[in-house]
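Right, I'll just put the structure down here and ask away after.
The values are calculated or read from the model by the stated rules, or taken from the named source; none is laboratory data. Computed from a predicted model, the values in this text were never measured in an experiment. Cβ coordinates were reconstructed from backbone atoms using ideal geometry, including for glycine residues, and neighbour counts include every protein chain displayed.
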Amino acid sequence: MHKKRVFSGVQPTGNLHLGNYLGAIKNFVELQNKFECVYCIVDLHAITNHQDPKDLKSNILETIATFIASGLDPEKNIIFNQASVSAHSELAWIFNCVARIGWMNRMTQFKEKAGVNKENASVGLLVYPNLMAADILIYKATHVPVGEDQKQHLELTRDIAKKFNNDFKCGNYFPIVEPLIPKEISRVMSLRDGKKKMSKSEDSDQSRINLKDDKDIIDKKIKRAKTDNNPIPSEINGLENRDEAKNLISIFASLNGIKVSEVLKEFGGKNFSTFKNKLSESAVEKICPIGNEIKKLLKDKSYLDQILETGAKRADLIAKNNLKEIYEIIGLTKFT
Ligand code: AQP
């Protein structure tokens, strides 16, 4: 039996948005009172696409500020950046040798991110899921809170753990992780296109609510969010084939911690303009305090650095010890 431990990460690629919050960070905060949690700013994942070094540095600080502003306690949780703990990269190399090329080729995120010019994508982007598996398994984490877009990568993490345990006949050395995906909204969609996920890299800022947006901006973005001409349905099946409507209703449910069915009970038969006013109120109430706190925390960079340094030392202790065991299982000797 493995000790229950949560691990998750967020890339420091700027523009953290409502999707990152409702899909992942909000869940991180809830879990901190139930599990031992390790939360990582996955800066090595960020460089699978070119990052300006100055932007990367400031985005790392902004991500840690977002964690703290959202309610993560840096003493209760281990919070650090991935580049500080070299065991992640070492285990990723081992997993490059465990995972099969065919597994990588099936990853839909690679296909989406590499686009049409696959040959020109970095090798790092292709093997990104192996590093993600290493991030999780170096801590022998058992539970991983993520948005639905990461589900396939977690299935791969499970496959890698099983293959490693099997190849090296080491019982259940690596746990088979369980994804923790939010129920009411597993994937927050773009405000401009209900078929696309809300994303940092989308060109149009109107497609997402950034955690640092102020009240007026949030209000405007929600008022302009795409909907259809039909009123809000009273039953869930009335949301079928209405991606934009479903998205806004689900966002409201998630922001207020209620079920989609309850939202439909309250707003069924009403038009979207009434609903959008309420949605905007909820978003402003939940997001603006976080945005204001992020801005405040960013003024004290040494405080943020100190959290990262302490977290890195705590993470490194666990990771180094596990890496030593892993090397022994494989038959590798580390003389340093
Ligand atoms: N739209 C989303 N809905 C629900 N969850 C989401 N997540 C991201 N977008 C949504 C979750 O947020 C966590 C951190 O994600 P990430 O920053 O590591 O990378 P990402 O998934 O690639 O985020 P973006 O915004 O989509 O970035 P780009 O545009 O660079 O691709 C993860 O748990 C993720 O599931």
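Here is a list: Ser58, Ser86, Ser70. Which entry is surrounded by fewer than 17 Cβ atoms within 10 Å (Cβ to Cβ) and within 16 Å of the ligand (Cβ to nearest atom)?
Matching residue, one of Ser58, Ser86, Ser70: Ser58.
State which residue pairs qualify: first residue among the basic types (Lys, Arg) and inside the range 25-37, second residue more than 10 Å from the ligand (Cβ to nearest atom) and not in a loop (DSSP other than H, G, I, E, B) in any location, beta carbons under 8 Å apart, and separation of 6 or more residues or different chains.
That search, which allows pairs on different chains as well, returns Lys26/Ser70.
May I ask you to list the residues in the range 26-52 that are outside any loop (DSSP other than H, G, I, E, B) and more than 22 Å from Val127 (Cα to Cα)?
Initially, the range 26-52 is screened for residues outside any loop (DSSP other than H, G, I, E, B), giving 26-31, 36-41, 43-46.
Of everything in the range 26-52, those that are outside any loop (DSSP other than H, G, I, E, B) and more than 22 Å from Val127 (Cα to Cα) turn out to be Lys26, Asn27, Phe28, Val29, Glu30, Leu31, Glu36, Cys37, Val38.
Only one of (1) crowded, with 22+ Cβ neighbours inside 10 Å; (2) touching a residue at least 60 places away in the same chain (Cβ under 8 Å); (3) more than 16 Å from the chain's Cα centre (by Cα); (4) more than 11 Å from the ligand (Cβ to nearest atom) fails for Ile251. Which number is that?
Among (1) crowded, with 22+ Cβ neighbours inside 10 Å; (2) touching a residue at least 60 places away in the same chain (Cβ under 8 Å); (3) more than 16 Å from the chain's Cα centre (by Cα); (4) more than 11 Å from the ligand (Cβ to nearest atom), the lone unmet condition for Ile251 is (4).
Can you find, within the range 53-75, the residue that is farthest from Gln150 (Cα to Cα) among those that are assigned to a helix (DSSP H, G or I) and charged (D, E, K, R)? Before the answer, list the steps.
Our first condition is that a residue be assigned to a helix (DSSP H, G or I); within the range 53-75, this holds for 53-70.
Now narrow it down to the ones that are charged (D, E, K, R): 54-55, 57, 62.
Numbers: Lys54: 28, Asp55: 25, Lys57: 25, Glu62: 22 Å.
So, considering only residues that are assigned to a helix (DSSP H, G or I) and charged (D, E, K, R), the one farthest from Gln150 (Cα to Cα) is Lys54.
Here is a follow-up. Taking the criterion of being surrounded by fewer than 20 Cβ atoms within 10 Å (Cβ to Cβ), within 11 Å of the ligand (Cβ to nearest atom) and of a type in the set (S, T, N, Q), would at least one residue in the range 190-198 satisfy it?
no
So Pro182 passes all but one of these: (1) over 27 Å from Ser86 (Cβ atoms); (2) of a type outside the set (Ser, Thr, Tyr); (3) more than 8 Å from the ligand (Cβ to nearest atom); (4) surrounded by fewer than 23 Cβ atoms within 10 Å (Cβ to Cβ). Which condition number does it fail?
That leaves (3) as the condition not met.
May I pose another question? Just to be sure I understand the filter: pairs with C-beta atoms under 7 Å, separated by 6 or more residues or on different chains, first member in the range 178-191 and within 19 Å of His143 (Cα to Cα), second member of a type in the set (Lys, Arg) and within 8 Å of the ligand (Cβ to nearest atom). Which pairs pass?
Arg187/Lys197
Which residue, of Asn15, Asn77, Asn27, is in contact with a strand residue (DSSP E or B) (Cβ under 8 Å, 6 or more places away or on another chain), closer than 24 Å to Gly257 by Cβ, near the ligand (Cβ under 10 Å from one of its atoms) and not aliphatic (A, V, I, L, M)?
On the way: Asn15 fails: closer than 24 Å to Gly257 by Cβ; Asn77 fails: near the ligand (Cβ under 10 Å from one of its atoms).
Criteria check complete, one pass: Asn27.
Can I ask one more? State whether one or more residues within the range 54-63 are within 18 Å of Tyr139 (Cβ to Cβ) and at pLDDT 95 or above. Quick ask: steps written out before the conclusion?
Here is the first cut: in the range 54-63, the residues within 18 Å of Tyr139 (Cβ to Cβ) are none.
Scanning the range 54-63 turns up no residue that is within 18 Å of Tyr139 (Cβ to Cβ) and at pLDDT 95 or above.
Out of the residues in the range 143-177 that are outside any helix (DSSP H, G or I) and over 21 Å from His45 (Cβ atoms), which is farthest from the ligand (Cβ to nearest atom)? Break it down into steps so the answer makes sense when it comes.
In the first step, residues of the range 143-177 are kept if they are outside any helix (DSSP H, G or I); the result is 143-147, 168-177.
Within this subset, residues satisfying the condition of being over 21 Å from His45 (Cβ atoms) are 168-173, 175-176.
On the way: Phe168: 29, Lys169: 33, Cys170: 29, Gly171: 29, Asn172: 25, Tyr173: 25, Pro175: 19, Ile176: 19 Å.
Applying the filter and picking the extreme gives Lys169.
Do we have Met132 as out of contact with any Asp or Glu (no Cβ under 8 Å at 6 or more places or on another chain) and away from the ligand (no atom under 16 Å from the Cβ) here? If you could, list the steps in order and put the result at the bottom.
Details: out of contact with any Asp or Glu (no Cβ under 8 Å at 6 or more places or on another chain): yes; away from the ligand (no atom under 16 Å from the Cβ): no.
No: the conditions fail for Met132.
Okay, next question. May I ask you to verify whether Ile64 is more than 16 Å from the ligand (Cβ to nearest atom), touching a strand residue (DSSP E or B) at 6+ places or on another chain (Cβ under 8 Å), under 23 Å from Pro129 (Cα atoms) and not aromatic (Phe, Trp, Tyr)?
Details: more than 16 Å from the ligand (Cβ to nearest atom): no; touching a strand residue (DSSP E or B) at 6+ places or on another chain (Cβ under 8 Å): yes; under 23 Å from Pro129 (Cα atoms): yes; not aromatic (Phe, Trp, Tyr): yes.
In short, no.
So, one more: Out of the range 30-42, which residues are within 12 Å of the ligand (Cβ to nearest atom) and farther than 17 Å from Thr310 by Cβ? Explain how you work it out, then say what you get.
Just the residues of the range 30-42 that are within 12 Å of the ligand (Cβ to nearest atom), to begin with: 39-42.
Residue satisfying the conditions is Val42 alone.
Count, please, the residues in the range 114-137 that happen to be surrounded by fewer than 16 Cβ atoms within 10 Å (Cβ to Cβ) and of a type outside the set (Gly, Ala, Ser).
Filtering the range 114-137 down to residues surrounded by fewer than 16 Cβ atoms within 10 Å (Cβ to Cβ) leaves 115-120, 122-124.
Among the residues that remain, those that are also of a type outside the set (Gly, Ala, Ser) are: 116-120, 123.
Final tally of qualifying residues: 6.
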